[in-house]
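The values are calculated or read from the model by the stated rules, or taken from the named source; none is laboratory data. Quantities reported herein were computed from a predicted structural model and do not represent experimental measurements. Cβ sites come from the backbone with ideal geometry, for glycine too, and all protein chains shown count toward neighbours.
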Amino acid sequence: MMQRNMMPNKNKSFLQRLQHVTRYATFASLAFLTSANVFAAGTHAISIFGDVKYPADFKHFDYVNPNAPKGGELKLSALGSFDTFNPFLSKGDAAAGLSYLGNSYLWDSLTVQSLDEPFSEYGLIAERMDIAKDGSAVTFYLRKEATFADGQPVTSEDVRYTFDTLKEKGRPFYDYYYGSITSAVAIDKHTIKFTFSENTNRELPLIIGQLPILPKHYFDKAGFEKADLSIPMGSGPYKIASFKAGKSVTYELRDDYWGKDLAVNRGQHNFKKITYEYFLDDTVSLEAFKSGVYDFRAENTAKNWATAYDSPALKAGKIIQEEIKHNLPAGMQGMAFNIRKPIFQDRTLREAMILALDFEWSNKNLFYDQYTRTRSYFQNSEMAATGTPSKAELAILNKWRDKLPEEVFTKEYQPPKTSTASGIRGNLRTAQQMLNAAGYTVKDNQLYNPAGEPIKFEILLGSSAFERIVLPLTRNFKVLGINATVRTVDSNQYLERMRKFDYDMVVATFGQSNSPGNEQRDFWSSAAASRNDSRNVIGIEDPIIDELVEILIQADSREDLVTACRALDRVLQWNYYLIPNWHIDKFRVAYRNNLAHPATLPPYGISLDTWWSRNAK
C-alpha cells in the first residue's frame with residue numbers, strides 16, 4: 001500500500017512523505033470504539049464505529065482489481081540517501097520502502113486497514129481478534145500459516161518480543177504510542193493478549209494491531225540496535241534483492257510469501273520488482289521523471305504541477321497527470337515557531353509575525369490559485385472549530401477561563417487576509433502597532449524585545465523548493481525590523497536537527513485522521529516537548545493542553561470526540577504557535593503510461609500496491 005514509510009523527513013521523496021501523511025491521517029490515529037460489546041468473539045475485523053464493511057468470507061477489497069497481472073517493475077524516487085535498513089531506531093537514515101509502523105514491504109503487521117472505510121482493520125497475521133467487554137485488553141489469534149522469509153513460523157513469542165523490544169530499544173515514538181499498553185502475554189504459540197492500563201482509551205486495540213512483527217530468532221543473532229545495511233529478515237510480500245548504498249534499493253516479490261492468497265492481499269503486491277532511485281534534490285528528480293528514469297511521482301509543488309510537466313512525453317501520452325480526490329482531513333501545515341527559544345515565548349510577537357504572510361499574493365503568483373488557506377488544526381473535517389464555542393465546548397474550556405486567551409471564548413479564529421484595499425501594508429502596520437504597544441523597539445532597522453534582545457533567527461528548510469515561498473516572508477519580516485535568514489541543508493543534517501529540535505523556525509505538518517487519538521500526545525504534550533525525535537515540533541509545554549489531549553483520547557462517543565477536538569483546536573489557534581499555510585483536497589500524481597490502476601480508487605489514501613504494470617505478462 002502507499003502507506004510505507006512514516007519517517008517525516010526531507011530525505012524522503014514527496015511520495016514517501018505523502019505516505020507518511022496518508023498513514024498518519026487514516027491509519028495511525030484511530031480514536032474510539034462506539035461500544036466494545038459490538039465485537040463477537042473471534043471477530044475477523046475491528047472498527048472504530050463497530051460495524052465493518054466486509055464480512056468474514058469477503059474475497060477482496062472493493063478498490064482492487066483481483067485479476068491484476070503480476071510482474072513488471074515499478075520505479076520510484078527518493079531524495080537524499082540512506083544508510084540503514086532498520087527503520088525502528090532513532091539513528092541512521094532508513095531506506096525508502098521500509099516502515100516503522102504498520103505493514104510494509106518487509107514486515108507484516110497483526111492487522112491491515114481497509115482504505116474505503118474510515119477506521120476498520122482486518123486480520124493479516126492475526127486471523128481473529130477478541131476485545132474484552134470492559135475494554136481492558138485485546139487478544140490476537142495468529143494464523144498458523146504465517147511464516148517469516150526463512151520458513152520459520154510467526155509465533156506469539158515473536159509478537160511479544162517485538163512489542164517489548166520496540167518500547168525498550170526502539171525510537172521514542174513507540175513508548176508514547178503504546179504507553180497505555182501494560183503487557184503482552186503469550187498464552188500459547190499462536191495466541192497473545194495485550195492488557196491496557198485504562199479501559200476508556202478505545203483506540204488501543206486498533207493501534208496495537210498496527211504492530212509490525214519482527215522475527216525474534218533473527219534479531220537475537222543479528223542484534224536489534226544496529227543501524228546498518230545488514231539485510232533484515234521479514235514476513236512481508238517483498239525481500240530486499242539488491243541495493244547501492246545511499247543510491248538505490250530494489251525490493252523483489254517473494255514467490256513463497258505466505259499471505260499472497262489472503263483476501264486482504266488479493267489484487268495487491270502486483271509488481272515483481274520495486275526500485276527506489278535516490279536524487280540529491282527535487283529539481284533533478286523531476287527532470288529524471290520526465291526522462292523516464294522512474295514511473296510515478298506525487299507532486300507537492302503547485303508551480304511544478306501547473307507548468308513543469310508540459311513536455312513531449314506528456315503530449316505524446318507517455319506521461320499521465322491525474323488529480324485524485326480524497327476524503328482525508330487536511331490537518332495543519334505551517335511555519336512553526338520553536339517556542340523552546342526564549343524570543344518566541346511571547347505570544348504577541350508570534351501574532352505579529354503571522355500578519356507578515358501574504359497568502360493571497362503567494363496563492364496567485366506562486367501557487368496558480370490551487371490552494372485554500374488553512375485555519376484549523378483539524379482542517380477539512382467536522383472537528384475544526386468554527387464560530388464561537390458551543391455549550392459543550394464551554395463545559396470543557398470554562399475551567400481555564402482566567403488562564404486562556406479571551407479570544408478562545410469570544411471569537412472565531414481566522415488567519416489574516418491581504419485581499420483588502422490596504423493589503424499586506426495594512427497588516428504590517430497593525431503588526432507594528434501591536435509590537436510597539438508591547439514594548440518592542442526598532443533601532444537601525446533591527447527589532448528588539450522589551451528585554452533588549454534582537455529578534456533575529458534562522459528558518460530551517462530541508463528542500464530548496466520552499467525558498468521561493470519563505471524568502472518573500474522574510475522581506476515582510478524585515479519591514480518590522482525582524483532579521484530572519486533562510487538556511488537549506490542536506491537531508492541528513494535536516495533529519496538530525498529535527499530530531500534534536502535544533503532550529504528556530506521550520507515548516508511543520510501535523511496530519512490528522514477522522515478520529516484523532518493517542519498521537520495527539522506526541523504532537524502537543526509537555527512530556528513530548530523534551531523528548532528528542534518527538535513530533536512536538538513547536539515545543540508546547542502547557543498543562544491545559546495536556547489535559548485537553550487526555551479529554552480527547554478518553555472520549556466516549558463521536559460527539560464527545562468532536563467537542564474535545566474543537567476545544568483543543570481553539571486553544572492551539574489562539575496561542576499563535578505557527579504561521580498557518582494552505583491545503584488541497586486532492587492528490588496530484590503523474591505517472592508513466594505503463595502503469596494502470598483500478599477503476600475504483602479508495603477515498604482514504606493512494607494505494608500503489610493495487611496498481612500494476614501494463615508490461616506484466
Check off (1) in a loop (DSSP other than H, G, I, E, B); (2) surrounded by 24 or more Cβ atoms within 10 Å (Cβ to Cβ); (3) at pLDDT 95 or above; (4) not acidic (D, E) for F140 and give me the number that stays unchecked. (1)
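Can you name every residue in the stretch 444-466 that is in contact with a Lys or Arg (Cβ under 8 Å, 6 or more places away or on another chain), of a type outside the set (D, E, K, R) and surrounded by fewer than 18 Cβ atoms within 10 Å (Cβ to Cβ)? Steps first, please.
In the first step, residues of the stretch 444-466 are kept if they are in contact with a Lys or Arg (Cβ under 8 Å, 6 or more places away or on another chain); the result is 445-446, 457-463.
In the following step, the residues that additionally are of a type outside the set (D, E, K, R) were identified as 445-446, 457, 459-463.
Listed by number, the residues that qualify are N445, Q446.
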Could you check T388 against (1) free of Cβ contacts under 8 Å to residues at least 60 places away in the same chain; (2) of a type in the set (S, T, Y); (3) not in a loop (DSSP other than H, G, I, E, B) and say which number it fails? (3)
Out of the residues in the stretch 325-355 that are touching a strand residue (DSSP E or B) at 6+ places or on another chain (Cβ under 8 Å) and part of a loop (DSSP other than H, G, I, E, B), state the one that is surrounded by the fewest Cβ atoms within 10 Å (Cβ to Cβ). K341
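Can you name the helices (runs of 4 or more DSSP H) wholly within the stretch 156-229 that have at least 3 residues being modelled with pLDDT of 95 or more? Reasoning before the result, please.
Working: elements: 156-169, 172-177, 204-209, 216-222.
By residue number, 156-169, 216-222.
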I'm trying to understand the selection: among the residues of the stretch 568-597, which are buried (at least 19 other Cβ atoms within 10 Å of the Cβ) and β-branched (V, I, T)? V571, I579, V589
From I125, I231, I207, which residue is surrounded by fewer than 21 Cβ atoms within 10 Å (Cβ to Cβ), under 28 Å from I606 (Cβ atoms) and touching a residue at least 40 places away in the same chain (Cβ under 8 Å)? I231
Criterion violated by Y494 - all others in (1) assigned to a helix (DSSP H, G or I); (2) under 19 Å from L355 (Cα atoms) satisfied: (2)
Filter result (in contact with a Pro (Cβ under 9 Å, 6 or more places away or on another chain) and not basic (K, R)) within the stretch 259-281: G259, N265, G267, Q268, H269, N270
Residues F296, F289: which one is within 28 Å of D62 (Cβ to Cβ) and buried (at least 16 other Cβ atoms within 10 Å of the Cβ)? F296
State whether one or more residues within the stretch 460-467 are closer than 14 Å to A356 by Cβ and among the hydrophobic types (A, V, I, L, M, F, W, C). no
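Return yes or no: is K303 basic (K, R) and either assigned by TED's automatic domain parsing to the domain that holds L572 or more than 25 Å from the chain's Cα centre (by Cα) (or both)?
Criteria not met by K303.
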So which residues in the stretch 369-378 are closer than 15 Å to H326 by Cβ and crowded, with 23+ Cβ neighbours inside 10 Å, if there are any at all? none
